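Below is one structure, written out as structure tokens; comments come after it.
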Amino acid sequence: MAGKKKAREKAAPLLEAAHEWVSFEDPEEDRTWLVDVTFLESRWECIFGRGCEGVLTGPAAELVQGCCSYGAHFTGEEDIARVEEAALTLTAAQWQFRAKGRRNGVVKRAGGESVTRLVADACVFLNRPGFAGGPGCALHRAALERGIEPLELKPDVCWQLPLRRSDETGPDGHVTTTLGEWQRRHWGEGGREFHWWCTEAPEAFGGGRPVYLSLRAELTAMTSPAVYEMIASYMEERALRPVRLPHPALRAQ
């Protein structure tokens, strides 16, 4: 009996963090999709400016920086070009640091990495408290004012978070793509220093719609229209089941 109790105690942390997954074969490519249905079913939503404590080494909700404190790392030249072109279209009413961004550029290349420049200890695109247009990403604001999706203007990492896609190619050329939640470990060793990460906090799971609906545009851009429809159909059927696994952030309460 003691041995069984010990085994259960060791398994408890794994159960608390467990996610449910489902796989699909891509109808158009030699690819298998592995999808985190626990996160896509959750009611996660960004709470920037509504209690988000940021990603510094201590709570800093009053700074209203969200995950913009360190700037955005670009995924490649296409990502850089899109953001630089978008920056040229922003007005002074949309972008607090427009003058500095235009004078010094929005991209800093150092050590083989390209990131958005920092101004006053945060991303150059982050409008701060006290700005007439309010705090928040200038690119995000411009997109909403134009009636387009923010992903059309923002750096890839910014519009994708907290979603994460990773591809693994087997020896036969078949690709397995994992689509799920960006977790602390995905940042590498630097992730341990973050004071708070939004997918770990119950406060971020009070949205009105499941992620697969609220982030439809992002999910479609990270997969394809056909794959998104497969995911959505599965999630709709799954919603009829009486018992499902809640997100770990809610199980930890």
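Cβ neighbours within 10 Å, averaged per peptide: list 65-71, 228-234 in order, most packed at the top. Please list the in-between numbers first.
Details: 65-71: 21.0, 228-234: 16.3.
In descending order of packing, they fall as 65-71, 228-234.
When ranked by the protection proxy of mean other Cβ atoms within 10 Å per residue, highest first, what sequence do the peptides 72-84, 168-180, 33-45 form? Numbers along the way, then the final one.
Working: 72-84: 15.8, 168-180: 13.0, 33-45: 21.0.
The peptides rank, most packed first, as 33-45, 72-84, 168-180.
For Cα extents along the principal axes in Å, the choices are (i) 68, 44, 38; (ii) 58, 42, 31; (iii) 53, 42, 35; which was calculated from the structure?
(i)
Order these peptides, 19-29, 152-162, by their mean beta-carbon neighbour count within 10 angstrom, highest first. Let's see the in-between values first.
Numbers: 19-29: 13.5, 152-162: 20.9.
Highest mean packing first, the order is 152-162, 19-29.
Rounding to the nearest 20 debye, state how big the charge dipole of segment 68-150 is about its Cα centre with +1 on each Lys and Arg Cβ and -1 on each Asp and Glu Cβ.
420
About its Cα centre, what dipole magnitude does segment 149-251 give when the only charges are +1 on Lys and Arg Cβ and -1 on Asp and Glu Cβ, stated in debye to the nearest 20? Could the numbers behind the result be given before it?
Numbers: 12 positive and 15 negative charges, 89 e Å.
Charge dipole of segment 149-251: 420 debye, to the nearest 20.
Output needed: Cys residues of the chain lacking any neighbouring Cys C-beta below 4.7 Å, sorted by number.
Cys46, Cys52, Cys67, Cys137, Cys158, Cys198
Counting other beta carbons within 10 Å of each residue's own, what order do Cys52, Cys46 fall into, fewest first? Don't skip to the end; give the middle numbers.
Numbers: Cys52 22, Cys46 17.
By the 10 Å Cβ count, ascending, the order reads Cys46, Cys52.
Near the amide H of Ser42, under 5 Å away, which other amide H atoms are found, from residues 5 or more places off or on another chain, if H is placed in the peptide plane?
Val211
Going toward the positive end of the dipole of segment 68-150, with +1 on Lys and Arg Cβ and -1 on Asp and Glu Cβ, which of Thr116, Ile148, Thr91 do you reach last?
Value computed over the given set: Thr91.
Using only Cα atoms, tell me the angle between helix 77-87 and the longest principal axis of the chain; keep it within 0 to 90° and round to the nearest 10.
The helix 77-87 is inclined about 50 degrees to the chain.
Just want to confirm a number: the relative contact order over the chain, from Cα pairs under 8 angstrom separated by 6+ residues, in percent. Display every interim value, and only then the final one.
Numbers: 365 pairs, mean separation 66.8, N = 253.
So the answer I get is 26 percent.
Against the longest principal axis of the chain, how steep is helix 225-238, in degrees 0 to 90 to the nearest 10, with axes from Cα atoms?
Helix 225-238 sits roughly 50 degrees off the main axis of the chain.
Magnitude of the Cβ-charge dipole of segment 12-88, K/R +1 and D/E -1, about the Cα centre, nearest 20 debye? Working shown, then result.
Working: 4 positive and 17 negative charges, 114 e Å.
Here segment 12-88 has a charge dipole of around 540 debye.
Using amide H atoms built in the peptide plane, which far-off residues or other-chain residues are under 5 Å from Cys137 H to H?
Those qualifying (amide H under 5 Å, at least 5 residues apart or on another chain) are Asn127.
Pairs of Cα atoms under 8 Å, at least six residues apart: use those to get the relative contact order of segment 85-142, whole percent. Intermediate values should be presented prior to the final figure.
Working: 66 pairs, mean separation 20.9, N = 58.
Relative contact order, segment 85-142: 36 percent.
Using Cα-Cα distances under 8 Å and only pairs 6 or more residues apart, what relative contact order does segment 117-253 have, in percent? Intermediate results must be reported in sequence, preceding the final value.
Numbers: 94 pairs, mean separation 17.6, N = 137.
Computed over segment 117-253, the figure is 13 percent.
Mind checking which of Leu63, Gly207, Val157 is farthest towards the positive end of the chain's charge dipole, using Cβ charges of +1 (Lys, Arg) and -1 (Asp, Glu) about the Cα centre?
Farthest towards the positive pole: Leu63.
Compute the angle between helix 2-16 and the longest alpha-carbon principal axis of the chain, please, reported from 0 to 90 degrees and rounded to the nearest 10.
30
Find which of Gly173, Met222, Ser42 sits farthest along the positive direction of the dipole of the chain, computed with +1 on the beta-carbon of Lys and Arg, -1 on that of Asp and Glu, about the Cα centre.
Ser42
Taken together, the values in this text are just the output of simple stated rules run on the coordinates, not laboratory data. Everything numeric in this text was worked out from a predicted model, so none of it was measured. Cβ coordinates were reconstructed from backbone atoms using ideal geometry, including for glycine residues, and neighbour counts include every protein chain displayed.
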